[in-house]
Amino acid sequence: MKHLINTKALTVVVLSALMLGVLFCYISLSYRGVALFKQNNINQQNGLAADDVIPVSHEFHLVAPDLLRYEQPSILRGRTDVVTVTPWLAPVVWEGTFNPVLLDSIYKRKNITVSATVFAVGKYIMFLKDFLETAEQHFFVGFKVHIYVFTDRPNEVPQVRMAAGRQLTVRSVPSSKRWQEISARRMELIQTLIEEQLPNHSDDYVFCLDVDSKFHGRWGAESLGGLVAVIHPGYYKDGRSRFPYERRPASRAYLAPEEGDFYYCGGAFGGLLQEVHHLAKTCRSNFEADAQEGIEAAWQEESHLNRYMWINKPTKVLSPEYLWQDFKPQNPEVHIIRFSGVVKNYAEIRPNA
């Protein structure tokens, strides 16, 4: 009797296992069929054959059009006068290190939106017109672009004609009697913008740019990356001992003499929304914690950004082409100036200069 019970139990177990196996195969095949159907549709939209295997929703997978033709790349020829990769293997973008046609053809099919934040507070409003007009000529031309202008003078925002797919939103902010406070609040406002206006677009990008600057040349898909930093034009030839990092250990922006990779600009940085959100949130938190202890970092949010980038390495580094200074002569290794800070009299535009 006991033997019959064990046999029946074993039979039930085996049959159950077989049924589960059949069910698993059915679900897997059905899922694979749906996935292949979706993939075939995507491939057809991208001009690819139905049997081309392209991962779905892979953030960094780069798909080029099948019929695109361009010069064969080489690992033996190229820029030899500058470094084009960091020690942690992030690209350093210089003119001559990328193919703009190839990059645009890859990223335009992703249907991304590139946002940009710009702060035009107080007399800095005078720079906004040039910024917006030159952005129309050079900043992600042919892409969907949304520029957010933060200003205490919304009635003075200039009317600039924007191409299809590009838009501008004005966000009012209070004025300040100290330019340092204007600088410091940027991280808070960027964090809030991403949380309130850009919460469900994880594949999109945002760049945070200084308004007292203008575009002179292409700034496009070559600049896209997870976390993007721009090397400061004033210090890229110097050793780290000359970098104006925050050197007081009491500050949360502190970098010791033997720390730091490059000196990065506070006037241009960006990346994927979630990466910039984490950067802004962290820098804001550290800035506010310092303020409660009566400490203000040497260069406000730029100091905190450099501390953040030392710990969280940027995945792409843009050369000084991406934020030059108009008062500096163009050095031989800088083949093109894409974006630059204009010459200005700080005593005239800063409330407490």
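The values are calculated or read from the model by the stated rules, or taken from the named source; none is laboratory data. All values derive from a computational prediction rather than experimental measurement. Using ideal geometry, Cβ is built from the backbone for each residue, glycine included, and neighbour counts are taken over all protein chains shown. Areas reflect the complete protein model, heavy atoms only, side chains present, ligands, DNA and RNA absent. Shrake-Rupley method; radii C 1.70, N 1.55, O 1.52, S 1.80 Å.
Checking Gly96, Gly122 one by one, the residue that is more than 18 Å from the chain's Cα centre (by Cα) and open to solvent by 30 Å² or more (accessible area, probe 1.4 Å) is Gly96 and no other.
Close contacts from segment 65-83, counting a first residue that is touching a residue at least 60 places away in the same chain (Cβ under 8 Å) and assigned to a loop (DSSP other than H, G, I, E, B) and a second that is hydrophobic (A, V, I, L, M, F, W, C) and surrounded by 10 or more Cβ atoms within 10 Å (Cβ to Cβ), with Cβ to Cβ under 6 Å and a gap of 6+ residues or different chains, come to Val82/Trp94. If you go through segment 219-261 and pick out every residue that is farther than 19 Å from Ala289 by Cβ, open to solvent by 20 Å² or more (accessible area, probe 1.4 Å) and part of a loop (DSSP other than H, G, I, E, B), you end up with 12.
Within segment 316-334, take every residue that is open to solvent by 10 Å² or more (accessible area, probe 1.4 Å) and not in a loop (DSSP other than H, G, I, E, B) and give me the one that is farthest from Pro87 (Cα to Cα). Even if it seems obvious, please write down each step before you answer.
Initial filter on segment 316-334 (open to solvent by 10 Å² or more (accessible area, probe 1.4 Å)): 316, 323, 325-333.
If we keep only those that are not in a loop (DSSP other than H, G, I, E, B) too, we end up with 316, 325.
Values: Lys316: 12, Gln325: 26 Å.
That would be Gln325.
Any chance you could count how many residues in segment 266-306 are in contact with a strand residue (DSSP E or B) (Cβ under 6 Å, 6 or more places away or on another chain) and aromatic (Phe, Trp, Tyr)? So the answer is 1.
Taking segment 244-264 as the region of interest, how many residues are within 23 Å of the chain's Cα centre (by Cα) and among the aliphatic types (A, V, I, L, M)? Qualifying residue count, segment 244-264: 1.
Screening Phe150, Phe139 for residues that are in contact (Cβ under 8 Å) with a residue 40 or more places away in the chain and within 19 Å of Ala268 (Cβ to Cβ) leaves exactly one candidate, Phe139. Output the residue which, of all residues in segment 109-119 that are in contact (Cβ under 8 Å) with a residue 40 or more places away in the chain and over 28 Å from Asp212 (Cβ atoms), is farthest from the chain's Cα centre (by Cα). Filtering first and then ranking leaves Arg109.
Residue-by-condition table, conditions (1) under 30 Å from Trp310 (Cα atoms); (2) open to solvent by 60 Å² or more (accessible area, probe 1.4 Å); (3) modelled with pLDDT under 50:
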site: Leu48; (1), (2), (3): no, no, yes
site: His61; (1), (2), (3): yes, yes, no
site: Pro65; (1), (2), (3): no, no, no
site: Pro73; (1), (2), (3): no, yes, no
site: Leu76; (1), (2), (3): no, yes, no
site: Val83; (1), (2), (3): yes, yes, no
site: Pro87; (1), (2), (3): yes, yes, no
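Which of the following residues is modelled with pLDDT of 95 or more, aliphatic (A, V, I, L, M) and open to solvent by 80 Å² or more (accessible area, probe 1.4 Å): Ala116, Ala164, Ala135? Of Ala116, Ala164, Ala135, the one residue that is modelled with pLDDT of 95 or more, aliphatic (A, V, I, L, M) and open to solvent by 80 Å² or more (accessible area, probe 1.4 Å) is Ala164. From the list Ser223, Ser213, Ser241, the lone residue that is more than 20 Å from the chain's Cα centre (by Cα) and of a type in the set (S, T, N, Q) is Ser241.
Would segment 140-163 turn up any residue that is touching a Lys or Arg at 6+ places or on another chain (Cβ under 8 Å) and part of a helix (DSSP H, G or I)? Within segment 140-163, none of the residues are touching a Lys or Arg at 6+ places or on another chain (Cβ under 8 Å) and part of a helix (DSSP H, G or I).
Restricting to segment 299-315, name every residue that is closer than 23 Å to Trp94 by Cα and either open to solvent by 30 Å² or more (accessible area, probe 1.4 Å) or touching a Cys at 6+ places or on another chain (Cβ under 9 Å) (or both).
Residues of segment 299-315 closer than 23 Å to Trp94 by Cα: 302, 305-306, 309-310, 312-315.
Residues satisfying the conditions are Glu302, Leu305, Trp310, Asn312, Lys313, Thr315.
Residues in segment 284-298: is at least one free of Cβ contacts under 8 Å to residues at least 60 places away in the same chain, open to solvent by less than 10 Å² (accessible area, probe 1.4 Å) and assigned to a helix (DSSP H, G or I)? Taking every residue of segment 284-298 in turn, at least one turns out to be free of Cβ contacts under 8 Å to residues at least 60 places away in the same chain, open to solvent by less than 10 Å² (accessible area, probe 1.4 Å) and assigned to a helix (DSSP H, G or I). Screening Tyr107 with (1) open to solvent by 10 Å² or more (accessible area, probe 1.4 Å); (2) outside any loop (DSSP other than H, G, I, E, B); (3) more than 18 Å from Leu273 (Cα to Cα) gives one miss only, at (3).
Report yes if some residue within segment 319-334 is more than 21 Å from the chain's Cα centre (by Cα), of a type outside the set (Ser, Thr, Tyr) and under 26 Å from Ile194 (Cα atoms); otherwise report no.
The answer is no; no qualifying residue exists.
Cβ-Cβ contacts under 7 Å between residues 6 or more apart (or on different chains), taken from a first residue in segment 318-344 that is more than 17 Å from Cys208 (Cβ to Cβ) to a second residue that is crowded, with 20+ Cβ neighbours inside 10 Å and of a type in the set (S, T, N, Q), are listed as Trp324/Ser340; Gln325/Ser340; Asp326/Ser340; Val342/Ser213.
Can you spot a residue in segment 121-133 that is part of a loop (DSSP other than H, G, I, E, B) and of a type outside the set (A, V, I, L, M)? No, segment 121-133 contains no residue that is part of a loop (DSSP other than H, G, I, E, B) and of a type outside the set (A, V, I, L, M). Within segment 198-218, being of a type outside the set (S, T, N, Q), part of a strand (DSSP E or B), closer than 16 Å to Gln325 by Cα and in contact with a strand residue (DSSP E or B) (Cβ under 6 Å, 6 or more places away or on another chain) holds for Leu209, Phe215.
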